[in-house]
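A.B. asks: Got a structure here, written out as structure tokens. Questions coming.
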There are 2 protein chains.
Amino acid sequence: MFEDLNIYIYTVCNMPEIKKIKPSLPKGTRDFLPAEVARRNYIFDTIKSVFRKYGFQQIDTPAFERLETLTGKYGEEGDRLLFKILNSGDYLKDVPHGDWLNKNSNSVIRHISEKGLRYDLTVPLARYVVQHQSELTFPFKRFHIAPVWRADRPQRGRYQEFYQCDADIIGSTSLLNEIELTQIYVEVFDKLGLSVIIRINHRKIIEAFLKSLDFSMSLGESFLTALDKFDKIGEDGVRLELKKLNVAEETITLLMAFLLGENFLDKFSDLEQKTKESEQGINELSFVLSKFNKQKVKSDPSLVRGLNYYTGIIWEVVLDKENDANNNIQIGSLGGGGRYDNLTEMFGGRDMSGVGISFGIERIYDVMEELNLFPAELGETTKVLFVHFDEASEAYAFEQLQKVRAADIASEIYPGKKKLDKQMNYANDKKIPYVVVVGGDEMASGLLTFKNMASGEQEKLTIGEIISKLK
Amino acid sequence: MFEDLNIYIYTVCNMPEIKKIKPSLPKGTRDFLPAEVARRNYIFDTIKSVFRKYGFQQIDTPAFERLETLTGKYGEEGDRLLFKILNSGDYLKDVPHGDWLNKNSNSVIRHISEKGLRYDLTVPLARYVVQHQSELTFPFKRFHIAPVWRADRPQRGRYQEFYQCDADIIGSTSLLNEIELTQIYVEVFDKLGLSVIIRINHRKIIEAFLKSLDFSMSLGESFLTALDKFDKIGEDGVRLELKKLNVAEETITLLMAFLLGENFLDKFSDLEQKTKESEQGINELSFVLSKFNKQKVKSDPSLVRGLNYYTGIIWEVVLDKENDANNNIQIGSLGGGGRYDNLTEMFGGRDMSGVGISFGIERIYDVMEELNLFPAELGETTKVLFVHFDEASEAYAFEQLQKVRAADIASEIYPGKKKLDKQMNYANDKKIPYVVVVGGDEMASGLLTFKNMASGEQEKLTIGEIISKLK
């Protein structure tokens, strides 16, 4: 206690002049209002309940990691987007004289920063699994829902702080995992009321296919440029461009079949170029597909996913047009994932194949908002508000409130003396569905005025009757 | 899709050599294992349910704030402990030549960092309330549970990343708020099974008292040094030291009464030095105290709290010795708070008196762990595990599992072919209470072996009977 007194007196006697500043946030970050938090929690809780039902356990890791853990994992662009934390104290003292004189941000950085904010939840998972290997049960089924940070240029719908939501299974090569992860996608989006298409593909098929095209990087760039124009110039345009590049007619046909084909798997099975590996890919993909409704879970040969560590089945979830007849919603994938074999290797972990999916929580939020899919009662916080006219009725109302709370009903009393309409506004603004009005009559009779805020109906009830109604 | 393909091919062709590093964390930070997360969630969920019952709504703010928002709010020491984030890109380019030549960490900082990790949840609240004033319902009752970061020297039980958990009411001077916050303390600790003493005091009384002692800073420092020795040299020792400082006998007696006294309020009411303000303090404190059991909620004149912005009632929660007969647990306060009048002023907010409490979640966790207060079933994740012997029984078990999941029971199948004892170990390690064994007999008869892992008992049941048992 004396330590506190000491600090208190010190601070009272050394109060800094408070400089007034305009309240604002760093660009690319957001505050969340209570109604937004309630809707975000609804998404988080729905996903968590499904993860738990499938035996996944929640973990957590620190917001910042050693820079050594993070750098080199996300490509050059990723390294650039890492938020770096300045060392504490006299952080410049270890910068060598030469680097200092050059004033070069790149060469100075390693001497003044050792930590960075996490960029995703995947590299921390790899580190965690290797570091805690002896404390975990394998196959290790974990989920992690947490913010990550990227120094991206902020723009509409893209933030420097955003949540990721991942479920992974580490240490099992069984395809049952792929099936269960697909089931989780189906069940979560079903619970959220969002109709989606789950596209799946297999990395080994893509690799065999690219090999079969004699794909080489010398051809590659112009080739990709041509493909990139697909949306603008269509199939015929791309065919023409590829011809100009002297790509063989046969290759072009294969490529179009690959990208646009229905029944692609059947066609591919007939190809001469198939290898042992691509055959494994086809078998695995067919096995997983066989467990699901073909309208909901679709093989998509053009799906590749952006990350280089995938080695098996890959997923991507997109909005089903059926949600959005007018095709107004322009949004990317709502989830994605895949199997990876070597993720823990960078931290010395061996033979730990993993497979995982993630939910694009920020986009799911935006789509649900746009389609008006959040339950109306999410805005409701408190079930009932007690309002009053003076000190006596406030005290009486406070006593009655205790009985409502004893019945575990979320309830409030308006604190302090304000006009009745002000108190009623409070109930309206907070979407409190019922109000109990306490005045002299009510105190005399013990019959309280119980008002339904939506219908405007009022009735006189005892506190016991009110509690029964609210339950 | 072509964008992805592009990135994929780029990364495959430019794979960096993966440098292996030993997995480790920055000092002062922690990973959380699944069992720890479950216990932490138990504490969070208990507190949240009580906050919501009292009408508090959850908000969130970004992990980092503008440095301008944070600096100067926590004293010199606090400024030193802020984690600062390096600006992106060529962060050295704006450092003036003169500052650069001096290589002075303090003068360079403002040119290379604009953001810092939040140090607590209180300053972000003040900023939030002023910034979103027009979007909030006042009195604004919010709670916020989130990590904060301080560059403290790490030591046993003290971390650089830890959670804070606050509830505040902004925009109401009614003492009902103080009463409700005290009720929340009582209810939460009751639900957690922790017996605590809630100490309360009033800043206006402390201030009047210090004034009455003619307390001045010239005397102050030696005075505080003397008080600081209280634990070591006891009352007599402190009396002696104060005498050496020429503090009047009468003042010393008052001070001792202040710090050690029972029935302090009565004594203080008799003092001549009482002022209008201290009288208000005494009235408010007496009013709040009158609503609670005197063994649980105690007036404590020596309670001052370390923060300089409090202006009214203040709280501190400590462990009741009744939990801990042997007095083995050395731990500080489990919670604290108070009323503050001018918190939003630094951001231009006016007339917004606030009052709030916080829960020391990390300490509550440690005490509950030490006293073994977490419910045993918290470790349980999945209700039942299906185990199998070969491909056929795995496929059969998987079909049965679907029925269990359809009944919303958390359940798993061991993925892949492993010996039965390995599969049983998985159930034991994950504390899964029941196992269903599926082999040839079970498939032929439809009667599955249902094993209680705690008792070792086994019975043969249909899947329907198993579902009824598990429900």
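A.B. asks: Cut-off under 13 Å on the C-alpha distance; same-chain residues fewer than 8 positions from A:LYS244 excluded. Which aspartates and glutamates are left, in chain and number order?
C.D. replies: A:ASP236
A.B. asks: Measuring from the lowest to the highest alpha carbon on each principal axis, how far does the range A:93-197 reach, largest first, in angstroms?
C.D. replies: 59, 43, 18
A.B. asks: Shortest first and in nm with one decimal, please list how far the B:LYS276 label point sits from its counterparts in the other copies (point 7 Å along Cα→Cβ).
C.D. replies: Those separations, rounded to one decimal, come out as 9.4 nm.
A.B. asks: Any residues in the range B:405-428 that have 50 Å² or more less accessible area with all protein chains than in their chain alone, probe 1.4 Å, and which are they?
C.D. replies: Listed by number, the residues meeting the 50 Å² cut-off are B:ARG405, B:PRO415, B:TYR426.
A.B. asks: State in Å² the accessible area per residue of the range B:34-370; use a 1.4 Å probe, count heavy atoms of protein chains only, and round to the nearest integer.
C.D. replies: Accessible area per residue: 42 Å².
A.B. asks: Can you compute the charge dipole magnitude of the range B:390-471 about its Cα centre, using +1 on each Lys and Arg Cβ and -1 on each Asp and Glu Cβ, nothing else charged? Give it in debye, rounded to the nearest 20.
C.D. replies: 280
A.B. asks: Return the residues of the range A:43-65 for which accessible area with all protein chains present is lower than in the chain on its own by 50 Å² or more; set the probe to 1.4 Å and exclude ligands, DNA and RNA.
C.D. replies: A:LYS53, A:GLN57, A:GLN58, A:ASP60, A:PRO62, A:PHE64
A.B. asks: Roll a 1.4 Å probe over the protein heavy atoms and report the accessible area of B:TRP100 in Å², nearest 10.
C.D. replies: Rounded to the nearest 10, the figure is 10 Å².
A.B. asks: Now, a different point. With the dipole of the protein assembly as shown worked out from charges on the C-beta (+1 for Lys and Arg, -1 for Asp and Glu) around the Cα centre, which of A:ALA126, B:ILE361, B:ILE409 lies farthest toward the positive end?
C.D. replies: The listed residue farthest towards the positive side: A:ALA126.
A.B. asks: If you don't mind, another one. Considering all projection directions equally, how large on average is the shadow of the alpha-carbon convex hull of the protein assembly as shown, in square nanometres?
C.D. replies: Over all viewing directions, the protein assembly as shown projects a mean Cα-hull area of 46.9 nm².
A.B. asks: Partner chain Cβ atoms within 10 Å, averaged over the residues of B:127-134 - can you pull that number for me?
C.D. replies: The shielding value for this peptide is 3.
A.B. asks: Right, something else. Using the heavy atoms of the protein chains alone and a 1.4 angstrom probe, what is the accessible area of the range B:380-470 per residue in square angstrom?
C.D. replies: The answer is 47 Å² per residue.
A.B. asks: Using a 7 Å offset from Cα along the direction of the beta-carbon, what are the separations from A:HIS132 to the same position in each other copy, nm, ascending?
C.D. replies: 3.1
A.B. asks: Okay, next question. Let me see the P(r) profile for chain A: every Cα-Cα distance counted, bins of 20 Å, each bin given as a percent of all pairs.
C.D. replies: Percent of pairs per bin, in order: 17, 39, 30, 12, 1.
A.B. asks: Which angle between 0 and 90 degrees, to the nearest 10, do you get for helix B:217-228 versus the longest principal axis of chain B when only C-alpha atoms count?
C.D. replies: 50
A.B. asks: Using only the alpha-carbon atoms of the range A:380-470 as identical scatterers, what base-10 log of I(q)/I(0) does the Debye formula give at q = 0.19, 0.24 Å⁻¹?
C.D. replies: Calculated log10 I(q)/I(0) at the listed q: -0.79, -1.35.
A.B. asks: For chain B, what does -39500 (n - 2.57) per DSSP helix run (n ≥ 4), summed and divided by total residues, give at 222 nm, in deg cm²/dmol to the nearest 500?
C.D. replies: Dividing the helical sum by the residues of chain B leaves -13000 deg cm²/dmol.
A.B. asks: Given a 1.4 Å probe and the protein chains all in place, what does the accessible area of B:THR253 round to, in Å² to the nearest 10?
C.D. replies: 70
A.B. asks: Continuing with the same structure: Carbon-plus-sulfur fraction of the accessible area of the protein assembly as shown, 1.4 Å probe, in percent?
C.D. replies: Carbon and sulfur: 46 percent of the exposed surface of the protein assembly as shown.
A.B. asks: Any idea what the dipole of the protein assembly as shown comes to, in debye rounded to 20, about its Cα centre with Lys/Arg Cβ at +1 and Asp/Glu Cβ at -1?
C.D. replies: Charge dipole, the protein assembly as shown, about its Cα centre: 560 debye, nearest 20.
A.B. asks: Continuing with the same structure: Got the B:GLN402 label distances to the other copies yet, label 7 Å along Cα→Cβ, in nm, shortest first?
C.D. replies: 5.7
A.B. asks: Moving on. Which value, in debye to the nearest 20, describes the size of the charge dipole of chain A about its Cα centre when Lys and Arg Cβ atoms bear +1, Asp and Glu Cβ atoms bear -1, and nothing else is charged?
C.D. replies: For this selection, approximately 540 debye.
A.B. asks: Using 0.36 nm per residue of separation minus the Cα-Cα distance, give me the extension gain between B:ASP429 and B:LYS471 in nm, one decimal.
C.D. replies: 12.9 nm
A.B. asks: Shifting gears a bit: Any idea of A:TYR163's accessible area? Nearest 10 Å², probe 1.4 Å.
C.D. replies: 50
A.B. asks: On to the next question. For the pairing of chain A with chain B, what total accessible surface becomes buried, with a 1.4 angstrom probe, in square angstrom to the nearest 100?
C.D. replies: 12000
A.B. asks: A 19 angstrom limit on the alpha carbon distance is what I want to check against. Which of A:LYS93/B:LYS22; A:LYS430/B:LYS53; A:LYS204/A:LYS298; A:LYS84/B:LYS115 exceed it?
C.D. replies: Check vs 19 Å cut-off fails for A:LYS93/B:LYS22.
A.B. asks: While we're on this one: Please report, to two decimal places, log10 I(q)/I(0) for the range B:320-471 at q = 0.12 Å⁻¹ as given by the Debye formula with identical point scatterers on the Cα atoms and no solvent.
C.D. replies: -0.66
A.B. asks: Something else now. Can you give the convex hull volume of the alpha carbon atoms of the range A:43-150 per residue, in Å³?
C.D. replies: Hull volume normalised by residue count: 133 Å³.
A.B. asks: At q = 0.28, 0.31, 0.33 Å⁻¹, work out log10 I(q)/I(0) for the range B:21-65 with the Debye formula, treating every Cα as an identical point scatterer and leaving solvent out; two decimals please.
C.D. replies: -0.98, -1.01, -1.04
The values are calculated or read from the model by the stated rules, or taken from the named source; none is laboratory data. Quick caveat, the model's predicted, so the values are computed rather than measured. Cβ: placed from backbone, ideal geometry, glycine included. Neighbour counts: every protein chain shown. Please note that ligands, DNA and RNA were not included when accessible areas were found on the heavy atoms of the full protein model with its side chains. Shrake-Rupley method; radii C 1.70, N 1.55, O 1.52, S 1.80 Å.
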